[in-house]
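Notes for the one structure printed next.
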Amino acid sequence: MTPHDASDAIDATDTADTIGVRPITASDLPDWLRAVKTGFLQEPVISDEDVENRRSAFILGRTQGAFDGSRCVATFRSFPQELTAVGGAAVPADAISGVTVSPTHRRRGLLTRMMKADLAAARERGDVVATLIAAEYPIYGRYGFGPATTTTEWTVDVPRTGLDPRWAGPADGGRVDLLDAEDVRKAGPELHERFRRDRPGAISRDARWWQMNTGLLRFGGFPWKEPFYAAYRSASGEIEGLVSYTSDDEWGDSNQPHNTAEVNWLLAVTPAAERALWSYLCSIDWITRVKSGRRAPDDLLPLFLPDPRAARVTSQSDWLWVRILDVVRALEARTYGTAGTLVLDVTDESGPDGGRYRLRAASDGTAACAPTTEEADLSLSIADLATLWLGDESAVRLAALGRVRERQEGAARLADALLRTSRRPWCPDIF
């Protein structure tokens, strides 16, 4: 995630020129990590073990620091990622994380310097988009990022669900089994590859993700509680869903259990697997509440329950932010809901990616995009194009807000017909 002072890019002063911004070296890593912890308001203590555990994950040439003398006062890193576009294509992405500016060095333009250098390098590499998870909303629009997915969390009141508390397993011939962490590290990557091919907004996971999320790789300052793991196997024996969850130990005054199962992550490639795993979680003895963890805003969870009101939304927020670096490749990478032609006039105040583009979608969902001098149908910023690109937002709604301008009547409705998706994009990960 990426926290820092939102005013950093607003009021840069000449003093920024005295602070060196550069890729870090191996010897800089402890000080860089301390600056990250300072920015996240975590205890600024770095052990040798922390440094060694993190070293292999960092590409030093893509890890920047701002140095005032010998002290690191701002941080920024990026790494390779794949993002699933509408239709299932995986596009190369510049994933940005670890962005901080120390509270002593606000309003000096340090983020702007690091961001410009990173995005320029990403364009040079041929990345189609850049991605990040924004800790604060107002910051990244000025760099051309737009919120492209939403995340929702539910809390399920188990006694109110209407589910049969005697549930003993799926009725479709499948089964739910408990697994160990090693089993998850073996089965999880292939299952996730199946999942992300079909979900716009999903991102790639490397082996390190599975190590961190099954406790094989741990970091100081981040407490680890060993979870339970369960898998749904179809009637053929194939794993189609996995869940990681923990439980508390809460009992009421009358010695009645009021325990909560908290989902770390739940991954499924079929509705049957989703239904079976949620039913399993709601059937565990002593569990009276289930916290869903981060889910898609149109998740099936509430409607699996006989009483959907038993699932109460407890959090909803923007999640994955996207910055388009190559408009033509981004628009050609995804598929479209109908045939049509739309000329977009895209402004990019913070970069070189603006221009006028003709998007021509065919009836088979594919499209061709090219720069054009034709009269525009729709005018919008590069950030708002990113918001529309994954299909979650409505051009009609953005036009009502004054963020998208119709140059031809009905252009916003046509954009919605072309761009919006039947299921909402979802990024289940944090990075």
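The values are calculated or read from the model by the stated rules, or taken from the named source; none is laboratory data. Just so it is clear, the structure is predicted and the values come from calculations on it, not from any experiment. In this analysis, Cβ positions are derived from the backbone assuming ideal geometry, glycine residues included, and neighbour counts consider all displayed protein chains. Just so you know, the surface numbers come from the protein's heavy atoms only, side chains and all, with ligands and any DNA or RNA stripped out. Shrake-Rupley method; radii C 1.70, N 1.55, O 1.52, S 1.80 Å.
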Checklist entry - How many percent of the accessible area of the chain is carbon or sulfur, using a 1.4 Å probe? => result 49
Item to check | Convex hull volume per residue for segment 141-263, taking Cα atoms only, in Å³ | outcome: 209
Checklist entry - Once the piece of chain linking R397 and E226 is laid out straight, how much longer is it, given 0.36 nm per residue of separation minus the C-alpha distance between them? => result 57.2 nm
Item to check | Tail beyond 27 Å, pair distance distribution of segment 241-373 (Cα, percent) | outcome: 49
Item to check | Intensity falloff of segment 29-76 expressed as log10 I(q)/I(0), Debye formula with alpha-carbon point scatterers, at q = 0.21, 0.30, 0.32, 0.33 Å⁻¹ | outcome: -0.72, -1.24, -1.28, -1.29
Checklist outcome for this item: Ranked by GNM mean-square fluctuation in the chain (Cα springs under 10 Å), the top entry among Q256, Q42, Q81 is Q256
Checklist entry - Arranged from highest to lowest average of other beta-carbon atoms within 10 Å per residue, in what order do the peptides 229-237, 377-385 appear? => result 377-385, 229-237
Checklist entry - How many nm is it between the label spots at S254 and R423, if each spot is 7 Å from the Cα in line with the beta carbon? => result 4.2
Item to check | Rounded FRET efficiency, nearest 0.05, which uses the C-beta distance separating R360 from R22 and R0 of 41 Å | outcome: 0.40
Next on the checklist: Could you work out the pair-distance distribution P(r) of segment 369-429 from its alpha-carbon pairs, with 10 angstrom bin width and percents rounded to whole numbers?
Outcome noted: 22, 53, 21, 4, 0
Next on the checklist: For the chain, set up a GNM with springs between Cα atoms under 10 Å and report which of L178, L398, L344 has the largest fluctuation.
Outcome noted: L178
Item to check | Amide N of segment 384-428 lying under 17 Å from the label point, which is placed 7 angstrom from the Cα of V313 along Cα→Cβ | outcome: 392-394, 423-427
Checklist entry - Once segment 68-195 is represented by equal point scatterers at the alpha-carbon sites, with solvent omitted, what log10 I(q)/I(0) does the Debye formula produce at q = 0.13, 0.16, 0.17, 0.19 Å⁻¹? => result -0.83, -1.00, -1.06, -1.18
Checklist outcome for this item: A student applying the Cα gyration tensor rule (rounded when a/c is under 1.5; otherwise prolate if a/b is larger than b/c, oblate if not) would label segment 328-431 rounded
Next on the checklist: Given a 10 angstrom Cα cut-off, can you work out which residue in D416, D307, D198 is the most mobile in a GNM of the chain?
Outcome noted: D307
Checklist outcome for this item: Expressed in angstrom, Rg and Dmax over the Cα atoms of segment 269-318 are 11.2, 34
Checklist entry - How large is Rg/Rh for segment 138-208, to two decimals, with Cα atoms and a Kirkwood Rh? => result 1.10
Next on the checklist: What translational diffusion coefficient, to the nearest whole µm²/s, does segment 69-121 have by Stokes-Einstein, given a Kirkwood radius computed over alpha-carbon pairs, a temperature of 4 °C and 1.567 mPa s viscosity?
Outcome noted: 100
Checklist entry - Using a basic spin-label model with each label point 7 Å from the Cα along Cα→Cβ, how many nm lie between E409 and F219? => result 5.5
Next on the checklist: Counting each pair of different Cα atoms once, what's the Kirkwood radius of the chain in Å, rounded to one decimal?
Outcome noted: 23.5
Next on the checklist: Multiplying the sequence separation of A89 and E52 by 0.36 nm and subtracting their Cα-Cα distance, what value in nm do you get?
Outcome noted: 9.8 nm
Checklist entry - Rounded to the nearest whole Å², what accessible area per residue is found for segment 222-297 with the 1.4 Å probe? => result 46
Next on the checklist: For the chain, what does the relative contact order come out to in percent, with C-alpha contacts under 8 Å and a separation of six or more?
Outcome noted: 18
Next on the checklist: Please list, by residue number, every one of the trypsin sites (Lys or Arg not before Pro) in segment 264-302 that is coil in DSSP and has at most 14 other beta-carbon atoms within 10 Å.
Outcome noted: none
Item to check | Computed lengthening from F40 to T372, 0.36 nm per intervening residue step minus Cα-Cα distance | outcome: 115.1 nm
Item to check | Distance (nanometres) between label positions extended 7 Å along Cα→Cβ at R142 and E349 | outcome: 1.0
Next on the checklist: Which of rounded, prolate or oblate describes segment 193-277 when judged by the alpha-carbon gyration tensor and an a/c cut-off of 1.5?
Outcome noted: oblate
Next on the checklist: I'd like the FRET efficiency for A135 and A168, computed as 1/(1 + (r/R0)^6) with the beta carbon distance as r and R0 of 35 Å, rounded to 0.05.
Outcome noted: 0.20
Checklist entry - What accessible area per residue comes out for segment 339-431, rounded to a whole number of Å², with a 1.4 Å probe? => result 46
Item to check | Average accessible area per residue (Å²) across segment 58-117 - probe 1.4 Å, nucleic acids and ligands excluded | outcome: 33
